[in-house]
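First up is the structure itself, then whatever we jot down about it.
Each value in this text was obtained by applying a stated rule to the coordinates, not by laboratory testing. Fair warning: this is a prediction, and the values are worked out from it, not measured in the lab. In this analysis, Cβ positions are derived from the backbone assuming ideal geometry, glycine residues included, and neighbour counts consider all displayed protein chains.
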Amino acid sequence: MIEKEIKYFNLRQIAESGQCFRMTEIPGTAAYRIISGCRMLKVAQRGGRVLFDCDEDAFPYWEEYFDLKTDYGAYISSIDEEDGYLRAAADFGSGIRILKQDVWEMIITFVISQQKTIPNIRSLVEAICREYGSRIEVSAASFYYAFPAPEQLNAAGLDELLALKLGYRAKYIKRICEDVCSGALDLRILKQMNYPAAMAYLKGFYGIGEKVANCVCLFGLHHVEAFPIDTWIHKILMREYACRCRKSTLERLPQARRCGYLVERYFSRYKGYAGVMQQYLFYYERAVRG
């Protein structure tokens, strides 16, 4: 067991921030179980003290996973004092951190996430892991399923994926698996790309659009400047930020470009970490107005 005092860290906020779908609260405890790829961790929090149920050799992985070396207080301190909504969102979700997750897992997870609620996403991800991931024994009475490797998931036929109730996402997942296994989508090269290059590369593959690519960049490649725009963020931008600029300016832009314009105008000041602000907004909007 490793115990650390960590500022700006809240397990519940991280678990409910929409970036991770295999982080679940252990019933009857104040602890969470996290499965990342083929690793599993139990972690609990008591005030500012965080208890990691792992040994010293395993801790560096989780230290990076939770981005513990980054000063999130500096991010919050940089928020424009005149931006009352963002300030309130950051105060409300100040324990959120951008997790450094496995890029392959994030590609499949966020393809699944399209037009799905968080509980639905969790259920579908677990179904895929049960069917195609490796079973890892913890003890005689405890086990979990790792997220399937590309080769494991590629063994699934399209009909099998459809049977898991993946809907239209099944054909996207099947094609992505084929592309990764053939080397057309090279994960090693992707991990070496900067944010613009990674976005362009990801969007060149079937089933990966702007929003999914941004989520993969933010939560899988840790390009913290990425700013995914989903229906929640769209509502915030149009309600809280569109009214701050001239109506005629927005009306001259095509509908598809208006949110991007608002992000550039009001969040470019957070250069290199706008994605942290996106997470504060997303979490606050769902918790307060959801």
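Would you kindly calculate the translational diffusion coefficient of the chain, applying Stokes-Einstein with the Kirkwood radius from alpha carbon pairs, for 20 °C and a viscosity of 1.002 mPa s, and quote it in µm² s⁻¹ without decimals?
Taking Rh from Cα pairs, D becomes 107 µm²/s.
Taking the charge dipole of the range 171-282 about its Cα centre, with +1 at Lys and Arg Cβ atoms and -1 at Asp and Glu Cβ atoms, the residue from TYR273, ALA200, VAL216 reaching farthest to the positive side is TYR273.
Which FRET efficiency value, to the nearest 0.05, is calculated for ARG269 and ARG130 with the Förster distance at 35 angstrom and r the Cβ-Cβ distance? Rounded to the nearest 0.05, the efficiency is 0.20. Phi angles of the range 156-173 translate, via the Karplus equation with coefficients 6.51, -1.76, 1.60 and θ = phi - 60°, into HN-Hα couplings of 6, x, 4, 4, 5, 5, 5, 5, 7, 6, 7, x, 5, 5, 4, 5, 5, 4 Hz per residue; Gly and Pro are given as x. Using the Cβ-Cβ distance between ALA88 and LEU158 with R0 set to 51 Å, the FRET efficiency from 1/(1 + (r/R0)^6) comes to roughly 0.65. For a paramagnetic label modelled on LYS116 (point 7 Å from Cα along Cα→Cβ), amide N atoms under 11 Å away belong, within the range 5-36, to 21. With a Förster radius of 22 Å applied to the C-beta separation of ASN194 and LEU51, the computed FRET efficiency comes to 0.05.
What longest region of the chain stays clear of chymotrypsin sites (Phe, Trp or Tyr not before Pro) that DSSP places outside H, G, I, E and B and that have at most 15 other Cβ atoms within 10 Å?
Details: sites that count: TYR168, TYR206.
It works out to 1-167.
Rounded to the nearest 20, the Cβ-based charge dipole of the chain about its Cα centre (Lys and Arg +1, Asp and Glu -1) stands at 1080 debye.
Could you list the trypsin sites (Lys or Arg not before Pro) in the range 1-65 that lie in coil according to DSSP, counting only those with at most 14 other Cβ atoms within 10 Å of their Cβ?
Numbers: sites: LYS4, LYS7, ARG12, ARG22, ARG33, ARG39, LYS42, ARG46, ARG49; in loops: LYS7, ARG22.
Passing both the DSSP loop test and the Cβ count: LYS7.
Taking Cα centroids, how far is the range 124-138 from the range 190-206 in Å? First find each Cα centre; the distance between them is then 28 Å.
Pairs from the table (LYS171/LYS235; LYS100/LYS235; LYS174/LYS211; LYS165/LYS235) lying more than 22 angstrom apart at Cα are LYS171/LYS235; LYS100/LYS235; LYS165/LYS235.
Each Lys and Arg contributes +1 and each Asp and Glu -1, all at the Cβ; summed about the Cα centre of the range 32-162, the dipole is approximately 460 debye.
Test of understanding: extend the Cα→C-beta vector of ALA30 to 7 Å, then name every residue of the range 64-97 with backbone N under 20 Å from that spot. Under cut-off, by backbone N: 93-97. Charges on Cβ only, +1 for Lys and Arg, -1 for Asp and Glu, centred on the Cα centroid of the chain; of PHE110, TRP62, GLY37, which one is farthest towards the dipole's positive end? About the Cα centre, the residue reaching furthest to the positive side is PHE110. Centre-to-centre separation between the Cα atoms of the range 75-118 and those of the range 216-290: 11 Å.
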